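Here the structure is laid out as structure tokens; the discussion comes afterwards.
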Amino acid sequence: MAKKPLPKAELDKICKQLRRDIMTMLVKAGSGHAGGSLGSVEIIATLYWNIMNFDPANPRWDERDYFILSKGHVCPAQYAVLGNLGFFPKDELWTLRKLGSILQGHPHWLKTPGLEASTGSLGQGLSIANGIAMALKRDGKPNRVFCLMGDGEQDEGQIWEAGMTAAHYKLDNVCGIVDRNYLQIDGNTEDVMGLDTLSDKWRAFNWNVIECDGHDVDALTDAYNQAIATKGKPTIIIARTTKGKGVSFIENQVDWHGKAPNQEQYEKAMAELAD
Amino acid sequence: MKVEKEMHLVEDLHQPQEKPTRDGYGDGLLFLCETNPNVVVLDADLAKSTRTVWVRDKYPERFIDMGISEQDMLGTAGGLSLGGKIPFVSTYGVFVAGRAWDQIRTTVCYGGLNVKIGGAHGGISVGPDGATHQSLEEIPLMRVLPGMTVIAPTDCHETKKATLWAAEYTGPVYLRFGREAVPIITTEKTPFTVGKAETYRQGDDCAIVACGTLVWLALLASDELEKEGIQCRVINNHTIKPIDKKTLAKAARECGCMVTAEEHSIFGGLGGAVAEVICQEHPVPLRIIGIEDRFGESGEPWELMEEFGMSKDNIKKKVKEVLKMKKK
Ligand SMILES: Cc1ncc(C[n+]2csc(CCOP(=O)(O)OP(=O)(O)O)c2C)c(N)n1
Ligand SMILES: [Mg+2]
């Protein structure tokens, strides 16, 4: 069942709120991954607000679509989405990474309502997505499976094993997204372990490949809808993004991969993210 | 504090300085790059965390970034060793001992290749990253492999010594070290021989055999137990394989009971290795302190250490338990 997409201005406003929540979560936690979380906000928010079916009151609803966060370290972005949608009381967000929290430093689906798998060891999510997609197909169900990966994460061999599996079994209910921010921990992806041209690689693996601006919610909505309309092969969306998007001093800074803001940086960030 | 003089431990064991053990690995690698032309350092997109970034910055020609591909890194290291190099590969323990286990088993160990593995982020004290990054399982995974040497140093000095030793020795080696700053208890002069457990404190009531930071906690526990009239022997068992049977059997014979302590799962780790020795050489009552049968969690490092039983009070409690068994 197709959803009516939100007007761009409205979803952009939600994304700003999500970014503020991410910064608040991280400053309270004192650790966490600022860059990738801020950078993947539109990718995740567009899915939840414009594309996927789900029921926050019943996270295991049989007709839901699935989202697997393969690059688990950016879970603050997904937690912020789930908290704002009411999967759990929003105040839980401020317990991120603390002892006993439902919000672990990396996603643990047995603790957090709305998660579908436990991730954090990179490279494993697309295989999980494929398995869910196979089960859905066997049961003749129309539910869809989305899986967000990092570009650095594409270094993992398992990603390409899963890439072959999805194409071989024509899992057209799978849609992968690569957050193409050109950064991993050790530096620029092309210096650490060259990936380009990434689109050609996926095309050669028999995937339908779409490239788009990963911060443009309308472009993302179109891309997701194209993926849904594509039959006979899985789709990968190469979403061009800026790591740390929205906070000037975090944008494109490799050192902000796995860092949380201090109080002063937090206040500066919140000023930049004000409505 | 009462400790053996010839062990040359730091003066103030109650308020020691702190440094992460991974710094000892980085220091060791820098020294090796300067002194051994065959050493090369491989990393899987965690150069800052594993301290291999120090090599990247100072000796870029010795550094090979493999991206986030641990299995490929182990195989490549195997090939480099076949080509006469001495490769040190580094990433978090979970991603190497776990992710690349089969490559370590068949390419490296079955092939008897000269590959050195720096397993970072061992233990619960990794902290807020949570279970996915807290490696609690490397010791059995590695020590089950024929030909593998497994070392879990107690502090940064010992980690450096182990790193230097690994380059001299021919064969696969796994070094386990941690993320958090932990007490520095040894000095340059403290004896360190791979395969030899060192007795840091003498005592005949109960032997505490520990590795990693738990050696320090065992010393603190023993100091307090002494005030209650209990004399503990404290053994730093840094080399888990090959294990020092002689020192362990002697401790079992002379103390009559034993407690092991490690920042690792209770299954198959230091405790398991010690149990294998004493059950066969000189059975005595034994208690194993480690992470019980559960995954880690997010939290602050020392808060998690307490929560998961990595504390001097838990060591005292277990010593008393095992003493009761001994008296029966
Ligand atoms: C198997 C594995 N190896 C290493 C890591 C450590 N790690 C966490 S994030 C990261 C870099 C990820 O880069 P990328 O996929 O590009 O993510 P993004 O830029 O979106 O943050 C690494 C190496 C991990 N979590 N899992
Ligand atoms: Mg990236």
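For segment A:21-27, the Karplus equation 6.51 cos²θ - 1.76 cosθ + 1.60, evaluated at θ = phi - 60°, returns couplings of 4, 4, 5, 5, 4, 5, 5 Hz by residue, with Gly and Pro reported as x.
For B:E70, B:E306, the ranking by accessible surface with the largest value first comes to B:E306, B:E70, using a 1.4 Å probe. Carbon and sulfur atoms: what percent of the 1.4 Å accessible area of segment A:100-144 do they account for? Within segment A:100-144, the accessible surface is 58 percent carbon and sulfur. Running a GNM on chain B with Cα contacts under 10 Å, which residue among B:T52, B:T170, B:T199 ends up with the highest mean-square fluctuation? Top of the fluctuation ranking is B:T170. For segment A:1-98, the percent of C-alpha pairs falling in each 10 Å distance bin, counted from 0 to the bin holding the largest distance, reads 16, 48, 32, 5, 0. Sequence gap at least 6, Cα distance under 8 Å: using those rules, report the relative contact order of segment A:142-251 to the nearest whole percent. The value is 32 percent. Rounded to the nearest 0.05, what FRET efficiency is calculated for B:R294 and A:A9 with R0 set to 60 Å and r the Cβ-Cβ distance? Efficiency at R0 = 60 Å is approximately 0.80. For the chain pair B and A, the interface hides roughly 2100 square angstrom of accessible area in total, found with a 1.4 Å probe.
Springs between Cα atoms under 10 Å define the GNM used for chain B, and in it the highest mean-square fluctuation of B:L225, B:L270, B:L286 occurs at B:L225. Taking a quarter of the surface of the Cα convex hull of segment A:193-275 gives a mean projected area of 7.4 nm².
Round to a whole angstrom and tell me the spacing of the C-alpha centers of segment B:274-303 and segment A:169-183. The two parts, judged by their Cα centres, are 42 Å apart.
Over the protein assembly as shown, the hull volume per residue, using the convex hull of the C-alpha atoms, is 160 Å³.
Here chain A is treated as an ellipsoid with the same Cα gyration tensor; its semi-axes, largest first and in whole Å, are 27, 21, 17. Can you list the lysines whose alpha carbon sits under 17 Å from that of A:K137, skipping same-chain ones fewer than 8 residues off? The qualifying lysines are A:K170, A:K231, A:K233. Normalising the average separation of contacting C-alpha pairs (under 8 angstrom, six or more residues apart) by the number of residues puts the relative contact order of segment A:8-272 at 25 percent. The P(r) of segment B:251-328 has a tail past 20 Å containing 35 percent of all C-alpha pairs.
When B:H264, A:H73, B:H14, A:H108 are compared by accessible area of protein heavy atoms, the largest-first order is B:H14, A:H108, A:H73, B:H264, using a 1.4 Å probe. Per-residue Karplus couplings for segment B:264-275, computed as 6.51 cos²θ - 1.76 cosθ + 1.60 with θ equal to phi - 60°, are listed in order as 6, 4, 6, 9, x, x, 4, x, x, 5, 5, 4 Hz, Gly and Pro entered as x. All alpha carbon pair distances within segment B:101-144 were sorted into 10 Å bins beginning at 0; the resulting P(r) in whole percents reads 25, 45, 24, 6. Segment B:195-327: D in µm²/s via Stokes-Einstein (Kirkwood Rh, Cα pairs, 20 °C, 1.002 mPa s)? Diffusion coefficient, whole number: 148 µm²/s. Measure nothing but the geometry: give the 0 to 90° angle between the long axis through the Cα atoms of A:157-168 and the longest principal axis through the Cα atoms of chain A, rounded to 10°. The two axes meet at around 40 degrees. Solvent-accessible area assigned to carbon and sulfur over segment B:195-327 amounts to 51 percent, based on a 1.4 Å probe. Per-residue shielding of A:97-109, expressed as the average number of other chain Cβ atoms within 10 Å of the residue Cβ, stands at 6. Of all the Cα-Cα pairs you can form in chain B, what percent are over 38 Å apart? The share of Cα pairs beyond 38 Å in chain B comes to 11 percent. Between segment A:64-109 and segment B:181-248, the alpha-carbon centres lie 42 Å apart. Heavy-atom accessible surface of A:W160, to the nearest 10 Å², is about 40 Å², with a 1.4 Å probe and all protein chains retained. Ranking of A:H168, B:H282, B:H238, A:H33 by solvent-accessible surface, largest first: A:H168, B:H282, A:H33, B:H238 (1.4 Å probe, protein heavy atoms only, all chains present).
Considering all different alpha carbon pairs of segment B:211-289, the Kirkwood hydrodynamic radius works out to 12.8 Å. The lysines whose alpha-carbon is closer than 22 Å to the alpha-carbon of B:K312, local same-chain residues fewer than 8 away aside, are B:K2, B:K19, B:K227, B:K320, B:K324, B:K326. The alpha-carbon atoms of segment B:41-93 define a convex hull whose volume equals 67 cubic angstrom per residue.
Across segment B:190-201, computed HN-Hα scalar couplings (Karplus, 6.51 cos²θ - 1.76 cosθ + 1.60, θ = phi - 60°) run 5, x, 8, 10, 4, x, 10, 7, 9, 8, 8, 8 Hz from first to last residue, x flagging Gly and Pro. When both segment B:96-153 and segment B:5-61 are represented by their alpha-carbon centers, they are found 18 Å apart.
Close amide-amide hydrogen proximity is noted between B:V39 and B:I86, each under 5 Å apart and 5 or more residues distant or on a separate chain (H modeled in the peptide plane; Pro and chain starts excluded). Rounded to the nearest 500, the helix-only mean residue ellipticity at 222 nm of the protein assembly as shown stands at -11000 deg cm²/dmol, with each DSSP H run of n ≥ 4 adding -39,500 (n - 2.57).
If you run the Gaussian network model on chain B, springs between alpha carbon atoms under 10 Å, then out of B:Y169, B:Y92, B:Y200 the most flexible one is B:Y169. Considering only alpha-carbon pairs that sit under 8 angstrom and 6 or more positions apart, the relative contact order computed for segment B:171-328 is 24 percent. Computed from the Cβ-Cβ distance with R0 of 51 Å, the FRET efficiency linking B:N38 to A:V254 stands at 0.95. Per residue, the Cα convex hull of segment B:18-183 amounts to 94 Å³.
The values are calculated or read from the model by the stated rules, or taken from the named source; none is laboratory data. Bear in mind the structure is a predicted one, so any value in this text is a computation, not a measurement. Glycine also receives a Cβ, built like all others from the backbone with ideal geometry; neighbour counts cover every protein chain displayed. Calculation scope for accessible area: heavy atoms of the full protein, side chains included, ligands and nucleic acids excluded. Shrake-Rupley method; radii C 1.70, N 1.55, O 1.52, S 1.80 Å.
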